[in-house]
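Asker: Structure incoming, see below.
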Amino acid sequence: MANWRKTVALCSDEKLFWENHYYRFRKLNDTHYELARLTAGACGEFMYHPKITVIVQNELFVPIAYFDNEETPVKQLTREDDESFLDQAFVTLLDSFLQAKQAQE
């Protein structure tokens, strides 16, 4: 996985558009970050597909919450619900975000 210090340097409130989705990686506080893939809704709103909240522990990202309101029913999980799912979903979404960021350069 990417070096977490280099990755958090990419944090911004701005959305990147890439391959029909918007991506955003933003800092919530000193230890919590939010990575999201967003889709535009019919009324101009954004839907999370998904949004993953992570904390930094021992210099590693640890996903703690997953939220997807584009799925029906809405999918919401915590680390206690399904640790392996959150880990894999975060790695997949982070890879997509890094590809989107690279495409913008």
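Asker: If I filter the range 78-93 for residues that are within 17 Å of Trp4 (Cα to Cα) and touching a His at 6+ places or on another chain (Cβ under 8 Å), do I get at least one hit?
Answerer: No, the conditions are met nowhere in the range 78-93.
Asker: I would also like to ask the following. Among the residues of the range 31-53, which ones are of a type outside the set (S, T, N, Q), outside any strand (DSSP E or B) and open to solvent by 50 Å² or more (accessible area, probe 1.4 Å)?
Answerer: Listed by number, the residues that qualify are Ala42, Cys43, Gly44, Glu45.
Asker: Sticking with this structure for a sec: As an exercise: evaluate Val56 against (1) open to solvent by 20 Å² or more (accessible area, probe 1.4 Å); (2) modelled with pLDDT under 95; (3) out of contact with any helix residue (DSSP H, G or I) (no Cβ under 7 Å at 6 or more places or on another chain) and give the number of the one condition it does not meet.
Answerer: (3)
Asker: Let me ask something else about it. Out of all the residues in the range 26-76, which are among the polar types (S, T, N, Q) and closer than 19 Å to Gln99 by Cα?
Answerer: Residue satisfying the conditions is Thr39 alone.
Asker: Just to be sure before I move on: is Thr78 closer than 21 Å to Glu105 by Cα, touching a residue at least 12 places away in the same chain (Cβ under 8 Å) and hydroxyl-bearing (Ser, Thr, Tyr) in the structure I sent?
Answerer: No: the conditions fail for Thr78.
Asker: I'd like the residue in the range 1-30 that is part of a strand (DSSP E or B) and of a type in the set (Lys, Arg) and, out of all such residues, is least open to solvent (accessible area, probe 1.4 Å).
Answerer: Checking each candidate, the answer is Arg24.
Asker: Among the residues that make up the range 88-104, is at least one of them assigned to a strand (DSSP E or B), of a type in the set (A, V, I, L, M, F, W, C) and surrounded by fewer than 20 Cβ atoms within 10 Å (Cβ to Cβ)?
Answerer: Among the residues of the range 88-104, not one is assigned to a strand (DSSP E or B), of a type in the set (A, V, I, L, M, F, W, C) and surrounded by fewer than 20 Cβ atoms within 10 Å (Cβ to Cβ), which makes the answer no.
Asker: May I ask you to list pairs of residues, at least six apart or on different chains, whose Cβ atoms are under 6 Å apart, with the first in the range 44-56 being over 19 Å from Thr92 (Cβ atoms) and hydrophobic (A, V, I, L, M, F, W, C) and the second being open to solvent by less than 30 Å² (accessible area, probe 1.4 Å) and part of a strand (DSSP E or B)?
Answerer: From residues that are over 19 Å from Thr92 (Cβ atoms) and hydrophobic (A, V, I, L, M, F, W, C), the pairs are Phe46/Leu38.
Asker: Something else about it: Please determine, by comparing only the residues of the range 59-81 that are farther than 20 Å from Met47 by Cβ and assigned to a loop (DSSP other than H, G, I, E, B), which one is least open to solvent (accessible area, probe 1.4 Å).
Answerer: Looking at residues that are farther than 20 Å from Met47 by Cβ and assigned to a loop (DSSP other than H, G, I, E, B), I get Arg79.
The values are calculated or read from the model by the stated rules, or taken from the named source; none is laboratory data. Computed from a predicted structure; not experimentally measured. Every residue, glycine as well, gets a Cβ built from its backbone with ideal geometry; the counts of neighbours run over all protein chains shown. Note: areas computed on protein heavy atoms with side chains; ligands, DNA, RNA excluded. Shrake-Rupley method; radii C 1.70, N 1.55, O 1.52, S 1.80 Å.
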